[in-house]
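Engineer: Quick one: this structure, given as structure tokens, is what I'll be asking you about.
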Amino acid sequence: MRNEWPLWEVFIRGQHGMSHRHVGSLHAADEEMAIKNARDVYTRRNEGVSIWVVPAHHIAASSPSDTGPLYEPSESKVYRHPTFFDIPDDVGAM
Amino acid sequence: MYAQMIKSEATQDDPEKLAAFQVRIDAGDKIEPKDWMPEGYRKTLIRQIGQHAHSEIVGQLPEGNWITRAPTLERKAILLAKVQDEAGHGLYLYCAAETLGVTRDELTEMLLDGRMKYSSIFNYPTLTWADMGAVGWLVDGAAIMNQVPLQRTSFGPYSRAMIRICKEESFHQRQGYDIMMKMANGTEAQKRMAQDALNRMWFPSLMMFGPSDAESVHSEQSMSWKIKMNGNDELRQKFVDQTVPQAEFLGLTVPDPDLKWNETKGGYDFTGPDWDEFFDVLRGNGPCNKERLAARNKAWDDGAWVRDGLMAHAEKKRAAKLAAE
């Protein structure tokens with residue numbers, strides 16, 4: 001019978017003030033062990049100040065085939081970027 | 001190179017999808033686990049990343065052999081950190097392989113029963129402390145040669161694992177060379193040990209790149225899928241060109257009487273390794289094949305009660321927590 005330790009996704013906050021970022025995954029029996037293993041596997045060189053672990057099966061992900069419907073609508077909305085607007089130099093910093 | 005002789009899998013996919021896939025690869029897109037990919041791409045990658053991961057794990061054994069006998073406390077701490085890194089590298093790679101739909105236990109079992117291979121280099125013994133120097137300098141040096149271009153491989157998780165590994169690997173090579181410098185500038189006996197280590201590790205290190213491209217039937221498909229970035233001979237040449245001056249700096253002699261600088265090609269002419277020996281080692285007849293696999297099997301078997309026990313404990317805790325809610 002297979003009794004493999006579940007898979008956890010690991011997120012590390014690199015420095016104070018930065019978001020947690022996905023760094024990889026690992027196997028562990030429970031969350032406590034997952035954090036300890038994440039410490040050993042992903043922060044051997046001071047890469048982190050905080051660790052999140054999430055059971056991999058709890059991650060919901062968008063599907064590659066939805067790329068069009070999800071992201072195309074924003075492509076035509078260039079006015080969302082400040083550089084869209086021409087402001088004369090005389091106005092000063094803005 | 002930790003992945004040798006990776007047999008590429010034939011693929012029987014819809015030609016239209018295959019062509020579209022190749023366009024993505026050629027455009028430099030990264031392929032992610034949920035993207036469509038040819039069956040051959042998936043299977044070849046499982047084999048390649050798996051073999052790479054197994055090499056990291058089995059590669060801990062020849063060096064672990066010297067942890068308790070390192071000459072100083074500092075050397076011991078450094079070697080321990082290096083061996084721990086190898087474990088980490090194995091884990092990054094297993095994770096990357098798992099995104100392709102194979103489980104960790106399946107990968108482990110395929111290593112343990114011999115269905116999957118690891119690099120031939122780890123079937124050679126580490127007889128003296130100088131071997132720790134030679135392994136770091138030559139074996140990790142050869143690995144880096146292959147791993148640096150693999151950072152650009154087309155499969156996202158593999159590429160990301162390689163980026164992490166490369167960041168850490170240069171410490172490995174430098175600590176090896178540091179040991180060699182110490183020995184080569186030490187007593188006559190130490191110098192002899194350093195030369196002896198180079199003599200024994202040189203040709204097995206050249207084997208790490210795999211047989212000549214002329215005989216590698218599987219390279220072409222892997223190259224076009226960008227899961228193999230360079231030819232075996234090209235990397236071997238690069239390794240020799242980089243390593244020979246480093247040996248000269250140490251005052252050591254590369255054990256190849258025919259080694260000669262070739263001005264026209266801008267590289268060294270050198271003797272290739274004994275490929276009969278290489279294939280014999282792959283078949284399981286190297287000096288340490290049996291010992292290495294026995295050690296991995298023992299670790300897996302001895303650890304079974306721990307894996308089961310911790311799982312049972314986790315389930316008990318979960319049940320208790322649920323009951324309390």
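Engineer: Among B:246-257, B:117-128, what's the highest-first ranking by average C-beta atoms within 10 angstrom per residue? The partial results should precede the final answer.
Structural biologist: Numbers: B:246-257: 15.4, B:117-128: 21.7.
Final packing ranking: B:117-128, B:246-257.
Engineer: Something else: Total accessible area buried between chains A and B, 1.4 Å probe, in Å² to the nearest 100? Walk me through the numbers before you get to the answer.
Structural biologist: Numbers: alone 8010 and 15890 Å², together 21850 Å².
Counting protein atoms only, the buried area is about 2100 Å².
Engineer: Follow-up. Scaled to the compact-protein estimate 2.2 N^0.38 Å, what is the alpha-carbon radius of gyration of the range A:1-60, rounded to two decimal places?
Structural biologist: Values: Rg = 11.8 Å, N = 60, 2.2 N^0.38 = 10.4 Å.
Relative to the 2.2 N^0.38 Å estimate, the range A:1-60 comes out at 1.13.
Engineer: A follow-up question, please. Using only C-alpha atoms and all pairs of different ones, pull out the Kirkwood radius for the range A:23-94 in Å with one decimal.
Structural biologist: Numbers: mean 1/r = 0.0585 Å⁻¹.
About 17.1 Å for the range A:23-94.
Engineer: Determine the shape class of chain B: with a ≥ b ≥ c the square roots of the Cα gyration tensor eigenvalues, call it rounded for a/c under 1.5, and otherwise prolate if a/b is greater than b/c, oblate otherwise. Display every interim value, and only then the final one.
Structural biologist: Details: a/c = 2.01, a/b = 1.20, b/c = 1.68.
The shape class here is oblate.
Engineer: Let me have the relative contact order for chain B, percent, based on Cα pairs under 8 Å that are six or more residues apart. Working shown, then result.
Structural biologist: Working: 398 pairs, mean separation 65.1, N = 325.
Reported relative contact order: 20 percent.
Engineer: Once every DSSP H run of n ≥ 4 in the protein assembly as shown is given -39500 (n - 2.57) and the sum is divided by its residues, what mean residue ellipticity at 222 nm do you get, rounded to the nearest 500 deg cm²/dmol? Please list the in-between numbers first.
Structural biologist: Working: 16 runs with 224 residues, N = 419.
Result for the protein assembly as shown, helices only: -17000 deg cm²/dmol.
Engineer: Right, another one. Which whole-number percent gives the relative contact order of the range B:39-139, counting Cα pairs below 8 Å spaced six or more residues apart? Kindly include the intermediate steps, with their values, before the conclusion.
Structural biologist: Working: 81 pairs, mean separation 40.3, N = 101.
It rounds to 40 percent for the range B:39-139.
Engineer: At R0 = 56 Å, how high is the FRET efficiency between B:LYS265 and A:ALA56 if r is their beta carbon distance? Nearest 0.05 is fine.
Structural biologist: Step by step, r from the Cβ atoms, then E = 0.65.
Engineer: Here's something else I'd like to know. If you average over every viewing direction, what projected area does the convex hull of the Cα atoms of the protein assembly as shown give, in nm²? Before the final figure, lay out the partial values.
Structural biologist: Details: hull surface 118.7 nm².
Its average projected convex-hull area is 29.7 nm².
Engineer: Quick check: Cα centre of the range B:30-103 to Cα centre of the range A:35-62, how many Å?
Structural biologist: The range B:30-103 and the range A:35-62 have Cα centres spaced 18 Å from each other.
Engineer: So which of B:LYS17/B:LYS117; B:LYS7/B:LYS117; B:LYS7/B:LYS298; B:LYS117/B:LYS265; B:LYS238/B:LYS290 end up more than 23 Å apart by C-alpha? Please list the in-between numbers first.
Structural biologist: On the way: B:LYS17/B:LYS117 31 Å; B:LYS7/B:LYS117 12 Å; B:LYS7/B:LYS298 29 Å; B:LYS117/B:LYS265 35 Å; B:LYS238/B:LYS290 32 Å.
Correct reply: B:LYS17/B:LYS117; B:LYS7/B:LYS298; B:LYS117/B:LYS265; B:LYS238/B:LYS290.
Engineer: Another question about this same structure. Excluding ligands, DNA and RNA, what is the solvent-accessible area per residue of chain A at a probe of 1.4 Å, expressed in Å²?
Structural biologist: Numbers: 6950 Å² over 94 residues.
Heavy-atom accessible area per residue stands at 74 Å².
Engineer: Any idea how far apart B:GLU220 and A:MET18 come out in nm if each label point goes 7 Å out from Cα toward Cβ?
Structural biologist: It works out to 4.5 nm between the two label points.
Engineer: Pop a pseudo-label 7 angstrom from the Cα along the beta-carbon direction at both B:THR103 and B:ALA27 and give the gap in nm to one decimal.
Structural biologist: Distance between label points: 3.7 nm.
Engineer: Sticking with this structure for a sec: Using only protein heavy atoms and a 1.4 Å probe, report how much of B:LYS43 is accessible, in Å² to the nearest 10.
Structural biologist: 90
Engineer: Percent relative contact order of the range A:1-60, based on C-alpha pairs within less than 8 angstrom and at least six residues apart? Walk me through the numbers on the way to the answer.
Structural biologist: Working: 93 pairs, mean separation 25.4, N = 60.
This gives 42 percent for the range A:1-60.
Engineer: From the C-alpha coordinates alone, can you work out the Kirkwood hydrodynamic radius of the range B:1-134, in Å?
Structural biologist: Working: mean 1/r = 0.0595 Å⁻¹.
By the Kirkwood definition, the hydrodynamic radius is 16.8 Å.
Engineer: Okay, moving on. I'd like the orientation of helix A:31-42 relative to chain A: the angle between its Cα long axis and the longest Cα principal axis, in ° from 0 to 90, rounded to 10.
Structural biologist: 70
Engineer: Sorted by accessible area (1.4 Å probe), largest first, how do A:HIS27, B:HIS218, B:HIS313, A:HIS58 line up? Write down the numbers at each step before the final one.
Structural biologist: Values: A:HIS27 25, B:HIS218 60, B:HIS313 85, A:HIS58 125 Å².
The residues order as A:HIS58, B:HIS313, B:HIS218, A:HIS27, largest area first.
Engineer: Here's a follow-up. How big is Rg to Rh over the range B:38-95, alpha-carbon atoms, Rh as the Kirkwood inverse-mean-distance radius?
Structural biologist: Working: Rg = 14.9 Å, Rh = 12.5 Å.
My calculation of the ratio gives 1.19.
Engineer: How much of B:MET5 can a 1.4 Å solvent probe reach, expressed as accessible area in Å² and rounded to 10?
Structural biologist: About 90 Å², rounded to the nearest 10.
Engineer: Here's a follow-up. Could you give the semi-axes, largest first, of the ellipsoid that matches the range B:199-245, computed as the square roots of 5 times the alpha carbon gyration tensor eigenvalues and rounded to whole Å? Display every interim value, and only then the final one.
Structural biologist: Numbers: eigenvalues 104, 27, 12 Å².
Taking √(5λ) for each eigenvalue gives 23, 12, 8 Å, largest first.
Engineer: Can you tally the net charge around B:GLY176? Count Lys and Arg as +1, Asp and Glu as -1, for every other residue whose Cβ sits under 14 Å from the Cβ of B:GLY176.
Structural biologist: Details: positive: B:ARG75, B:LYS82, B:ARG174, B:LYS182; negative: B:GLU63, B:ASP85, B:GLU86, B:ASP131, B:ASP140, B:GLU168, B:GLU169, B:ASP178.
My count for the surroundings of B:GLY176 gives -4.
Engineer: When the Kirkwood radius is taken over all Cα pairs of the range B:125-207, what Stokes-Einstein diffusion coefficient follows at 10 °C and 1.306 mPa s, in µm²/s?
Structural biologist: Values: Rh = 13.5 Å.
Rounded, D is 118 µm²/s.
Engineer: Separate question: Residue farthest toward the positive end of the dipole of the protein assembly as shown, with Cβ of Lys/Arg at +1 and Asp/Glu at -1: which of B:MET181, B:VAL23, A:SER62?
Structural biologist: With unit charges placed on the Cβ atoms, the residue in question is B:MET181.
The values are calculated or read from the model by the stated rules, or taken from the named source; none is laboratory data. Bear in mind the structure is a predicted one, so any value in this text is a computation, not a measurement. Reconstructed Cβ throughout: ideal geometry from the backbone, glycine too, with neighbour counts over all protein chains shown. Surface accessibility is based on the protein's heavy atoms, side chains included, excluding ligands, DNA and RNA. Shrake-Rupley method; radii C 1.70, N 1.55, O 1.52, S 1.80 Å.
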